[in-house]
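Remarks on the structure that follows.
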Amino acid sequence: LMNIGCWLVAQVPQVVENFVARDGGALSLGFMFLWLLGDITNLVGCIYTHQLPTQLYTSIYYCCMDVIMLSQIFGFAACRK
């Protein structure tokens with residue numbers, strides 16, 4: 001559980017940095033889409049193979065973090081125009 005806890009905060013500094021700088025340009029759009037695709041396939045695999053709740057919740061969390069970072073990329077870019 002400590003390992004899962006460490007992984008849960010792995011993306012938080014990037015989200016905070018993007019929010020403070022009001023810029024998501026440091027993130028590669030292609031990389032983020034591939035990362036989201038990988039996390040979605042992980043979520044689907046967890047659902048179909050009936051994994052432990054901790055694995056399911058972790059995969060849901062990562063999909064949410066990916067969506068947040070993608071929304072930062074698109075949202076901050078739209079605000080600059």
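The values are calculated or read from the model by the stated rules, or taken from the named source; none is laboratory data. In this text the structure is predicted, and so the values were computed from the model without any measurement. Virtual Cβ from ideal backbone geometry, glycine too; neighbours counted across all protein chains shown. Just the protein is used for accessible areas: all its heavy atoms, side chains included, with ligands, DNA and RNA removed. Shrake-Rupley method; radii C 1.70, N 1.55, O 1.52, S 1.80 Å.
Considering only the range 59-70, I want to know if a residue exists there that is exposed (fewer than 15 other Cβ atoms within 10 Å of the Cβ), closer than 18 Å to ILE4 by Cα and without any contact (Cβ under 8 Å) to a residue 12 or more places away in the chain. Checking the range 59-70: at least one residue is exposed (fewer than 15 other Cβ atoms within 10 Å of the Cβ), closer than 18 Å to ILE4 by Cα and without any contact (Cβ under 8 Å) to a residue 12 or more places away in the chain. Within the range 1-29, the residues that satisfy the criterion of being under 19 Å from TYR57 (Cα atoms) and β-branched (Val, Ile, Thr) are ILE4, VAL9, VAL12. Looking across GLY75, GLY45, one residue alone is over 22 Å from ARG22 (Cα atoms), in a helix (DSSP H, G or I) and open to solvent by less than 70 Å² (accessible area, probe 1.4 Å). It is GLY45.
Scanning the range 1-40 for residues that are open to solvent by 60 Å² or more (accessible area, probe 1.4 Å), in a helix (DSSP H, G or I) and either farther than 19 Å from THR54 by Cβ or charged (D, E, K, R) (or both) returns PRO13, VAL16, GLU17, PHE19, VAL20, ALA21, LEU29, PHE31, PHE33, LEU34, TRP35, LEU37. Just one of the numbered conditions (1) within 16 Å of the chain's Cα centre (by Cα); (2) within 18 Å of ALA10 (Cα to Cα) is not true of VAL44: (2).
Name the residue that is surrounded by the most Cβ atoms within 10 Å (Cβ to Cβ), counting only residues in the range 48-58 that are out of contact with any Phe, Trp or Tyr (no Cβ under 9 Å at 6 or more places or on another chain) and of a type in the set (Val, Ile, Thr).
In the first step, residues of the range 48-58 are kept if they are out of contact with any Phe, Trp or Tyr (no Cβ under 9 Å at 6 or more places or on another chain); the result is 48-57.
With the extra rule that they be of a type in the set (Val, Ile, Thr), the set shrinks to 49, 54.
On the way: THR49: 8, THR54: 10.
Going through the qualifying residues, I end up with THR54.
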